[in-house]
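Working notes, structure below.
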Amino acid sequence: MKIIGGPASQLLASRVARELNDKPVVCEFDKFPDGEQYIRILDGDIENERVTIIQCTYTDSDLISLLQLIDACEDAKQINVVIPYLGYSRQDKKFKNGEAISARAITRTLTADNVFTVNVHEKSILEYIDANNTTDLEASYLMGNHIESLDLKNPLIVAPDSGAIYLAENASSKTGIEYDYLEKERISGDEVSIKTKNMDITGRDVVLIDDMIATGGTMAESIKILKSQGANDVYLACVHPVLAKNAVLRLFNAGVRDIISTDTIEKAESAVSVAPLIADSLNKI
Ligand code: R5P
């Protein structure tokens, strides 16, 4: 199988190729003078080969690159697509009259034999993809391994809302660390109200875990609550480090000890690689 890394997931693709004892295919990524993107697969003949394209769609131009790569692989025998972070997945329904279901608009553009995502925000949107199989991979167990390797004081893993409990539970199942959750109500795009449950966190190190950190509003508010209740260090763990605008500054201002994420989006916070998870799934097709 040939592994092709898109411009936004070159490191992850290289790590997946290494897991499979292979090397990633080299591509050329360029731009025309008018700003339009250009992609060319440079090495390796992909005709009648099985190929796997790995590219997150964090930005709009990442999505264009993915579509171009799928098109460039037209002569392959089998096309697999791994989208470690699928952008627009949170607009999975009409919240107000007249809105686009952006997640549907995006996924409808994708055609492949097998499509893999990682902790996609809403699994039902995968049904819009034109593929024989779609699979959403679960990265929280890998996060658990990393949390275990931190030298934490009487640790507790906490989900910032009930929707993220499964992440805390999975990470906890790997580590034996206790877990709990907070109660969140969203007020606006970057404002949330968080209430605590009755948990004793005095003097404990807490790891807040979520699928993604976007504006940091949810986590900043959660850190404030935990600190006010006597938590020692508060760490943040997420699968997707969207970290939009000034989220990092906002979180350190709120008193976070460190931010840990996976490489579904390649950032400085991406300490945990999902490469073994992806390689394992590719080995099964
Ligand atoms: C929401 O459903 C998600 O799981 C995250 O909690 C949310 O996207 C985080 O957004 P923000 O960082 O902007 O509060």
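Overview of results
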| quantity | calculated |
| --- | --- |
| Top-ranked residue of segment 137-153 - restricted to ones that are assigned to a loop (DSSP other than H, G, I, E, B) and either at pLDDT below 95 or aliphatic (A, V, I, L, M) (or both), ranked as nearest to the ligand (Cβ to nearest atom) | A139 |
| Top-ranked residue of segment 199-218 - restricted to ones that are at pLDDT below 95 and among the hydrophobic types (A, V, I, L, M, F, W, C), ranked as surrounded by the most Cβ atoms within 10 Å (Cβ to Cβ) | I201 |
| Residue that is free of Cβ contacts under 8 Å to residues at least 40 places away in the same chain and either closer than 20 Å to S270 by Cα or within 14 Å of the ligand (Cβ to nearest atom) (or both), where the choices are I177, I129, I194 | I194 |
| Hits in segment 198-216 (condition: out of contact with any helix residue (DSSP H, G or I) (no Cβ under 9 Å at 6 or more places or on another chain) and within 15 Å of the ligand (Cβ to nearest atom)) | M212 |
| Set L249, L226: member being more than 18 Å from G163 (Cα to Cα), touching a residue at least 60 places away in the same chain (Cβ under 8 Å) and out of contact with any Ser or Thr (no Cβ under 6 Å at 6 or more places or on another chain) | L226 |
| Unique residue being at pLDDT 95 or above and either away from the ligand (no atom under 13 Å from the Cβ) or closer than 19 Å to A271 by Cβ (or both) when the list is L236, L226 | L236 |
| Per-region count, segment 82-97, residues buried (at least 24 other Cβ atoms within 10 Å of the Cβ) and either under 16 Å from G189 (Cβ atoms) or free of Cβ contacts under 8 Å to residues at least 40 places away in the same chain (or both) | 3 |
| Count of segment 38-71 residues which are farther than 17 Å from A8 by Cα, outside any loop (DSSP other than H, G, I, E, B) and among the hydrophobic types (A, V, I, L, M, F, W, C) | 1 |
| Whichever residue in segment 252-263 is surrounded by fewer than 21 Cβ atoms within 10 Å (Cβ to Cβ) and either within 11 Å of the ligand (Cβ to nearest atom) or part of a strand (DSSP E or B) (or both) and, among such residues, is nearest to the chain's Cα centre (by Cα) | I260 |
| Residue in segment 275-284 that is in a loop (DSSP other than H, G, I, E, B), touching a strand residue (DSSP E or B) at 6+ places or on another chain (Cβ under 8 Å), of a type in the set (G, A, S) and at pLDDT 95 or above present | no |
| Test: residue in segment 219-241 that is under 17 Å from R90 (Cα atoms), touching a Pro at 6+ places or on another chain (Cβ under 6 Å), part of a helix (DSSP H, G or I) and not hydrophobic (A, V, I, L, M, F, W, C) | no |
| Qualifying residue in segment 222-235 (condition: within 21 Å of H121 (Cα to Cα) and out of contact with any helix residue (DSSP H, G or I) (no Cβ under 6 Å at 6 or more places or on another chain)) | yes |
| Close pairs (7 angstrom Cβ cut-off, 6 or more residues apart or separate chains): more than 29 Å from E185 (Cβ to Cβ) in segment 145-174, outside any loop (DSSP other than H, G, I, E, B) and basic (K, R) anywhere | N145/K174; E148/K174 |
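The values are calculated or read from the model by the stated rules, or taken from the named source; none is laboratory data. On a predicted model such as this, the values are computed, not experimentally measured, just so you know. Every residue, glycine as well, gets a Cβ built from its backbone with ideal geometry; the counts of neighbours run over all protein chains shown.
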